[in-house]
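The values are calculated or read from the model by the stated rules, or taken from the named source; none is laboratory data. Predicted model, so just to flag it, every value in this text is computed and none were measured. For neighbour counting, all protein chains shown are included, and Cβ atoms are generated from backbone atoms with ideal geometry for every residue, glycine included. SASA here: full protein model, heavy atoms, side chains in, ligands and nucleic acids out. Shrake-Rupley method; radii C 1.70, N 1.55, O 1.52, S 1.80 Å.
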Amino acid sequence: MEIIKIVILSLSALLLLVVGATRLGNPIKAYLKNSGITLANNVDLLNEMRGVSAVMLCGGVLTALGTVVPSLTFTSFVVASLLFLGFALGRVISMAADGRPNKQIIQGIWFEVVLGAANVFGLVNTLV
């Protein structure tokens, strides 16, 4: 079971780190490439995008630490579960309120749901 927990946390951390870092570094290019979204060169919008990206990056760092520091495993599963399921929940609410997004974003939602569920599974197994 330990190897499964490490795999879940590693995949979660990798995704959070890569997406967080690329969006933090160049949000206009990253959003266009990964989500098909064209961001305006608006200081306020870019500030919001980079803020969310930094949260993802920091969540990825904490999640990665949970793979090597046993005392952080529980916390890492909690953080990763909240991040992935929080994004998925927000996107589902947006779909209901705003309509269906493009195919790339729908694929992202599935990744968030699967990794969120996997982290909840790891969290439950950490508790027992």
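Take the range 5-17 and flag every residue that is open to solvent by 60 Å² or more (accessible area, probe 1.4 Å), in contact (Cβ under 8 Å) with a residue 12 or more places away in the chain and of a type in the set (Val, Ile, Thr).
Residue satisfying the conditions is Ile6 alone.
Just the residues that are surrounded by 14 or more Cβ atoms within 10 Å (Cβ to Cβ) and not aromatic (Phe, Trp, Tyr), please, taken from the range 62-74.
First pass over the range 62-74, keeping only residues surrounded by 14 or more Cβ atoms within 10 Å (Cβ to Cβ): 62-67, 72-74.
Of everything in the range 62-74, those that are surrounded by 14 or more Cβ atoms within 10 Å (Cβ to Cβ) and not aromatic (Phe, Trp, Tyr) turn out to be Leu62, Thr63, Ala64, Leu65, Gly66, Thr67, Leu72, Thr73.
Please work out which one of (1) of a type outside the set (Lys, Arg); (2) closer than 26 Å to Ile6 by Cα; (3) in contact (Cβ under 8 Å) with a residue 60 or more places away in the chain; (4) surrounded by fewer than 18 Cβ atoms within 10 Å (Cβ to Cβ) is the condition Ala21 fails and give its number.
With respect to (1) of a type outside the set (Lys, Arg); (2) closer than 26 Å to Ile6 by Cα; (3) in contact (Cβ under 8 Å) with a residue 60 or more places away in the chain; (4) surrounded by fewer than 18 Cβ atoms within 10 Å (Cβ to Cβ), Ala21 is out only on (3).
What do you reckon, is Val120 closer than 24 Å to Leu32 by Cα and either of a type in the set (A, V, I, L, M, F, W, C) or in a helix (DSSP H, G or I) (or both)? Don't jump to the end; show me each part of the working.
Working: closer than 24 Å to Leu32 by Cα: no; either of a type in the set (A, V, I, L, M, F, W, C) or in a helix (DSSP H, G or I) (or both): yes.
Answer is no for this residue.
Taking Ser12 and the conditions (1) assigned to a helix (DSSP H, G or I); (2) among the small types (Gly, Ala, Ser); (3) out of contact with any Phe, Trp or Tyr (no Cβ under 9 Å at 6 or more places or on another chain), which numbered condition does it fall short on, given that it satisfies the others?
Answer for Ser12: the failing condition is (3).
Can you tell which of Phe87, Phe111, Phe77 is touching an Asp or Glu at 6+ places or on another chain (Cβ under 9 Å) and either open to solvent by less than 50 Å² (accessible area, probe 1.4 Å) or closer than 23 Å to Ile37 by Cα (or both)? Steps first, answer last, please.
Numbers: Phe111 fails: touching an Asp or Glu at 6+ places or on another chain (Cβ under 9 Å); Phe77 fails: touching an Asp or Glu at 6+ places or on another chain (Cβ under 9 Å).
Going through Phe87, Phe111, Phe77 in turn, just one is touching an Asp or Glu at 6+ places or on another chain (Cβ under 9 Å) and either open to solvent by less than 50 Å² (accessible area, probe 1.4 Å) or closer than 23 Å to Ile37 by Cα (or both): Phe87.
Which of the residues spanning the range 90-108 are open to solvent by 80 Å² or more (accessible area, probe 1.4 Å), in a helix (DSSP H, G or I) and charged (D, E, K, R)?
Asp98, Lys103
Within the range 93-102, is even one residue over 16 Å from Ala13 (Cα atoms), in contact (Cβ under 8 Å) with a residue 60 or more places away in the chain and over 13 Å from the mean Cα position of the chain (by Cα)?
Just the residues of the range 93-102 that are over 16 Å from Ala13 (Cα atoms), to begin with: 93-102.
Okay, now just the ones that are also in contact (Cβ under 8 Å) with a residue 60 or more places away in the chain, so 102.
In the following step, the residues that additionally are over 13 Å from the mean Cα position of the chain (by Cα) were identified as 102.
The answer is yes; a qualifying residue exists.
When only residues in the range 31-56 that are outside any helix (DSSP H, G or I) and among the hydrophobic types (A, V, I, L, M, F, W, C) count, which is least open to solvent (accessible area, probe 1.4 Å)? Let's see the steps before the verdict.
Initial filter on the range 31-56 (outside any helix (DSSP H, G or I)): 36-42.
If we keep only those that are among the hydrophobic types (A, V, I, L, M, F, W, C) as well, we get 37, 39-40.
Numbers: Ile37: 56, Leu39: 22, Ala40: 59 Å².
Across the range 31-56, the extreme among qualifying residues is Leu39.
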